[in-house]
Structures are given as structure tokens and as C-alpha cells.
Amino acid sequence: MAEFLVGAAGFVLAMVALGLVRLLRGPADADRLMAAQLLGSGGIATLLLLAGGAGVPAAVDAALTLALLAAFASVAFVRSAPGADPAEPDSTEPR
């Protein structure tokens, strides 16, 4: 069973590496954010699979830390988007 989990971790890591192409070539900031979230989610999945397959309990702590950082990155992106601050007038609204 451990070999299967390590193999699944390798497969997830390979698919996340393909998502890196979208991160580097994304035409819009939202596309780049989604690719970065894919990297975070894939990294979490890889670490958890390795923790189960190889018996490395420290990988669970690293996965939780990565999940927390991914959540903070999403919040920071949304807050920096135009029109995110209700006190600030949105330039896209008609006058």
C-alpha cells in the first residue's frame, strides 16, 4: 500500500508541474491565481500522500502550513482587486 501512495504522490506532483505552465503563461491575474492555488492544493495532496506512504509525520505539519499560506494568498489577491474596498469608488461603475 505504501508503494501505491508514493506513486500517487508522484502522479499528483507531475500533474501540478503541468499546471506550472499555466502559472507562467496565464494571460490574466485571475488565471495566475488559480494556477497558484492548484500548486498549493497539489503540494498539500503530495505531502499528505507521502506522509501516509513513507510514514513521515512532519509532512502533515508542512501540508497544514501550505494550506494556510494558500488561503492567505487568496485573501490578499481578492483584497487587492479593484473594487474590493467598499469605501473606494470603483472605476468600472458608470457615473
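All of the numbers you see were taken from the coordinates with simple rules; none came from a lab. Owing to the predicted nature of the structure, the values given are computational and were not obtained by experimental measurement. Counting neighbours? That spans all protein chains shown, and the Cβs are built from the backbone with ideal geometry, glycine included.
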Listed candidates (i) 18.2, 66; (ii) 15.7, 47; (iii) 17.6, 63 - label of the one calculated as Rg and Dmax of the Cα atoms in Å: (iii)
Distance in nm between pseudo-label sites at Leu64 and Phe11 (7 Å out along the Cβ direction from Cα): 2.8
Top of Ala28, Ala45, Ala17 by mean-square fluctuation, Gaussian network on the chain, Cα under 10 Å: Ala28
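Could you list the trypsin sites (Lys or Arg not before Pro) in the stretch 1-55 that lie in coil according to DSSP, counting only those with at most 12 other Cβ atoms within 10 Å of their Cβ?
On the way: sites: Arg22, Arg25, Arg32; in loops: none.
Loop-located and lightly packed - none at all.
Between Ser74 and Arg25, take the C-beta separation as r, use R0 = 22 Å, and let me know the FRET efficiency to the nearest 0.05.
For R0 = 22 Å, the calculated efficiency reads 0.60.
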